[in-house]
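As structure tokens, the structure follows; a few thoughts come after it.
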């Protein structure tokens with residue numbers, strides 16, 4: 001009997017993607033590592049202990065996340081380190097070519113020169129973390145090779161069961177359940193400034209998860225596709241499991257009341273895990 005994968009179980013259970021993205025991050029550290037990745041990025045054997053400690057110190061800063069990246073055919077080349085600061089109206093990217101990972105030790109990130117950010121797409125292929133990411137992510141990455149997008153394979157983006165998962169920077173928009181057949185329309189939407197298929201949109205990583213979900217619910221309510229059509233004004237908790245999120249769309253204020261509600265269905269969070277109850281964000 002075939003073992004059901006976590007991504008299949010999540011789809012069969014009808015689990016919503018809204019509000020499931022990495023949350024409250026607007027500084028991304030991208031480090032190229034062509035050697036095998038450990039299940040947890042910082043435990044990767046390619047890093048000397050001094051480098052591991054340096055990366056750990058950087059990650060103590062709020063709103064900061066590390067992603068390991070790689071691209072087939074670059075083995076043996078000088079590794080790249082990139083920092084994308086996605087906050088504000090003018091995202092900035094720092095890019096360094098390293099002679100070795102030890103060159104990261106002692107770097108002061110805030111003093112590095114930066115340039116305006118260009119689009120980068122990261123696709124999770126972290127099979128040592130979860131099989132679904134390795135298989136489904138690999139298929140989507142290969143499909144993206146024909147799209148002339150600056151695309152990298154990346155380590156765990158969270159939510160194995162939503163594979164294939166992808167992150168579009170510098171917008172910080174995260175997607176799930178991508179398949180090779182989605183890639184052409186998705187890339188075309190992103191290039192035009194649109195979000196793309198809302199049922200594949202997990203959320204905007206600069207927001208917390210209730211705000212991510214509220215944005216998606218509002219987009220569905222109003223039929224909004226333009227990525228910058230919505231301005232977030234604030235989020236207030238009205239109970240332990242309900243919120244009121246305020247946005248501006250054009251000249252009008254919009255309020256999205258939402259709550260976290262159990263659906264009655266179960267699914268494992270990752271392959272091989274025990275079934276867990278699903279709770280999804282709903283409007284009202």
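Derivation of every value follows stated rules applied to the coordinates shown; laboratory data play no part. A quick note: this is a predicted structure, and the numbers were derived from the prediction, not measured. Cβ placement follows ideal geometry from the backbone for every residue including glycine, while neighbour counts extend to all protein chains displayed.
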Taking region 27-116 and dividing mean pair separation by its residue count, relative contact order in percent (alpha carbons under 8 Å, at least six apart): 35 percent
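Remind me, relative contact order of the chain in percent, using alpha carbon pairs under 8 angstrom and six or more residues apart? It would help to have the intermediate numbers written out before the result.
Numbers: 593 pairs, mean separation 58.6, N = 284.
Contact order relative to length: 21 percent.
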Which residue, 25, 149, 33, tops the fluctuation ranking in a GNM of the chain built on C-alpha contacts under 10 Å? 149
Cα-based Rg and Dmax for region 66-134, where Dmax is the largest Cα-Cα distance (Å): 14.2, 39
Add -39500 (n - 2.57) for each DSSP H run of 4 or more in the chain, then divide by its residues: what number comes out at 222 nm, to the nearest 500 deg cm²/dmol? -6000 deg cm²/dmol
May I ask what percent, to the nearest 5, of DSSP beta bridges between residues of the chain are antiparallel? 85 percent
At 7 Å along the Cα-to-beta-carbon direction for both residue 246 and residue 11, put a label point, then send me their distance in nm to one decimal. 4.1 nm
A correct fewest-to-most ranking of 122, 217 by other Cβ atoms within 10 Å would be 217, 122
Ranked 121, 165, 205, 133, criterion: other C-beta atoms within 10 Å, fewest first: 121, 205, 133, 165
Fraction in percent of alpha-carbon pairs per bin - 10 Å, region 117-197: 21, 58, 21, 1
Sorting 228, 208 on the 10 Å Cβ count, fewest up front, what's the list? 228, 208
Can you give the alpha-carbon Rg of region 27-116 over 2.2 N^0.38 Å, where N counts its residues? 1.06
Take the Cα atoms of the chain, find their three principal axes, and give me the spread along each one in whole Å, biggest first. 55, 54, 38
Obtain the radius of gyration and the Kirkwood radius of region 183-284 from its C-alpha atoms and give Rg over Rh. 1.02
